[in-house]
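> If you scroll down you'll find the structure; I have some questions about it.
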Amino acid sequence: MNILAIGDIVGERTVAYLSERLWHYRRENNIDMVIANGENADKISGIDAQTAKELLSSGVDVITGGNHTLRKRNLYPLLESNKNILRPANLPPMVPGSGYTITDAASYRILIINLQGTVGMEPLDSPFACADRILEREAGKFDLAVMDIHAEATSEKLALARYLDGRINAIFGTHTHVQTADETILPGGTAYITDLGMSGPTDGILGVRSDCAITKLMTKMPVKFEVADGPIQVCGAVISLNPQKRRALSIKRVTF
Ligand SMILES: [Fe+2]
Ligand SMILES: [Fe+2]
C-alpha cells in the first residue's frame, strides 16, 4: 500500500493547487492514503476550519499539525469532531482534539500519530514516552503505523525514528520547511525521512515573503509575516508499505 506524505502546506494558493491536482496525482501514482501537514495552510500561521475541510475534500485523508495548529480558534470544534484532523499528541491533555487516529486505507487499519519535538521548541511532554503510550494503548487495533514528527532538531527526529524502528512503519519529519535527502529504510523496516519539505510558494523564505523574513531577522522587531509569491511546489514523499510483513518497501522523495 502506498502513502503520500505532504510537508507543511503554506497559504491558500497551495490549498487551491492541491484541490486542482491531488486526486489526479493519487490516481496516477496508486496512492491509497494522503497525510498532509496543514499547520500553515491558512496564510502562514495556523489552519482554520474552512481550510481544513477544503483539504479533506481535495484528497487529503488525514491532516497533521504542529506548533501553529491551535492559532485559529474556529478549528477547535472540528479538532474535537473530526478524527482525521490531528494536533501533536504530546500537547497538554486539555488541548482540544487528538494526536492520533486509526483510519482505513486499502482495507488496512492505519494508525497515524502526530508528535512535536522538544529540542529548540516548546517544552512539551516527551515524544518518546508519548509514542510508547499510544502504541501500548492501541496494540492489536491497527495493521500499520505512521508518524509525523514535527520538530526542529534533525537529531531528535532521527533519534525518535531509531527508537521506534520496527514499531512504527513510516516516520517522516515536518516543520523545518526544507526537504532533506536522507530518505532510507532503517534496519527494523521503518521508512524514514528527516523532513518532507514545504508545500508552498518558492519565491520567499520558507513560504514567507523575503522582505518580511529579512526585516525580522535583521531588526529583531515584530513583523507581520505574509505568504510569499511565486510558483507553488508541493514537497513530500511516497512510502510503499507491506502490510503482511509490517515493513516498508520503499520511500521516495517527491515534488509536484
Ligand atoms: Fe510549518
Ligand atoms: Fe512548525
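> Of the candidates LYS43, LYS245, LYS53, which one comes out as most mobile in a Gaussian network treatment of the chain with C-alpha springs shorter than 10 Å?
Result: LYS245 has the largest fluctuation of those listed.
> Turning to a different aspect of this structure: For the chain, give the magnitude of the charge dipole about the Cα centre (Cβ charges: +1 Lys/Arg, -1 Asp/Glu; no others), in debye to the nearest 20.
260 debye
> Quick one: dipole size for the range 137-256, taken about the Cα centre, charges +1 on Lys/Arg Cβ and -1 on Asp/Glu Cβ, in debye to the nearest 20.
Using only the charged Cβ atoms, the result is roughly 400 debye.
> Let me ask you something else. Nearest 20 debye, what's the magnitude of the dipole of the range 20-67 about its Cα centre given +1 on Lys and Arg Cβ and -1 on Asp and Glu Cβ?
Roughly 80 debye for the range 20-67.
> Note the full-extension length gain between GLN233 and THR180 as 0.36 nm times their separation in residues minus their Cα-Cα distance, in nm to one decimal.
Length gained, GLN233 through THR180: 17.6 nm.
> Tell me the trypsin sites (Lys or Arg not before Pro) within the range 55-104 that lie in a loop according to DSSP and have at most 15 other beta-carbon atoms within 10 Å.
Filter output for the range 55-104: LYS83.
> Next question, about the same structure. What is the calculated FRET efficiency for ARG133 to ASN242, with r their C-beta to C-beta distance and R₀ = 25 Å, to the nearest 0.05?
Working from the Cβ atoms, E equals 0.40.
> Same structure again: In square nanometres, what is one fourth of the surface area of the convex hull spanned by the alpha carbons of the range 103-187?
One quarter of the hull surface, i.e. the mean projection, equals 6.1 nm².
> Going by C-beta contacts inside 10 Å, put TYR17, TYR108 in order with the fewest on the left.
The most exposed by this proxy come first: TYR108, TYR17.
> In terms of Cα to Cα distance under 30 Å, which lysines are near enough to LYS224, apart from those fewer than 8 places away along the same chain?
The qualifying lysines are LYS43, LYS53, LYS72, LYS157, LYS216.
> Going by Cα centres, the range 50-90 and the range 128-162 are how many Å apart?
Comparing the Cα centres of the range 50-90 and the range 128-162, I get a distance of 19 Å.
> Taking 8 Å as the Cα distance limit and 6 or more residues as the minimum spacing, I'd like the relative contact order of the range 75-183 as a percentage.
About 21 percent, as a whole number.
> What net charge do the residues around THR154 carry, taking every other residue with its C-beta under 11 Å from that of THR154, with Lys and Arg at +1 and Asp and Glu at -1?
-3
> Right, something else. When the Kirkwood hydrodynamic radius is evaluated over all pairs of different C-alpha atoms of the chain, what value in angstrom, to one decimal, is obtained?
Averaging 1/r across every pair of different Cα atoms and inverting gives 17.9 Å.
> Another question, if that's okay. For a test of the definition: using alpha carbon positions, the gyration tensor, and the 1.5 limit on a/c, classify the range 1-148 as rounded, prolate or oblate.
Oblate, because a/c is 1.5 or more while a/b does not exceed b/c.
> Order the peptides 28-36, 2-10, 146-154, 211-219 from the highest to the lowest mean number of other Cβ atoms within 10 Å of their residues.
Peptide ranking by packing, descending: 2-10, 146-154, 28-36, 211-219.
> While we're here: Give me the aspartates and glutamates in straight-line cross-link reach of LYS141: C-alpha distance below 18 Å, same-chain residues under 8 apart excluded.
Within the straight-line limit of under 18 Å, LYS141 reaches these aspartates and glutamates: ASP104, ASP132.
> Under the rule of -39500 (n - 2.57) per DSSP H run of 4 or more residues, summed and divided by the residues of the chain, what mean residue ellipticity at 222 nm is obtained, to the nearest 500 deg cm²/dmol?
-7500 deg cm²/dmol
> Top mean-square fluctuation among ARG133, ARG209, ARG26, Gaussian network model of the chain, C-alpha springs under 10 Å?
ARG133
> Here's a follow-up. Connecting C-alpha atoms closer than 10 Å in a GNM of the chain, tell me which of ARG87, ARG27, ARG162 has the biggest fluctuation.
Sorting by GNM fluctuation, first place goes to ARG27.
> Once the principal axes of the Cα atoms of the range 110-256 are found, what is the range along each, listed largest first in whole angstroms?
Per principal axis, max minus min of the Cα coordinates gives 51, 34, 23 Å.
> Pull up all non-local amide H partners of LYS43: gap of 5 or more, or a different chain, and H-to-H distance under 5 Å with H placed in the peptide plane.
GLY11, GLU12
Every number here is computed from the coordinates shown, using simple stated rules; none is lab data. Please read these numbers as outputs of a predicted model, since none were measured by experiment. In this analysis, Cβ positions are derived from the backbone assuming ideal geometry, glycine residues included, and neighbour counts consider all displayed protein chains.
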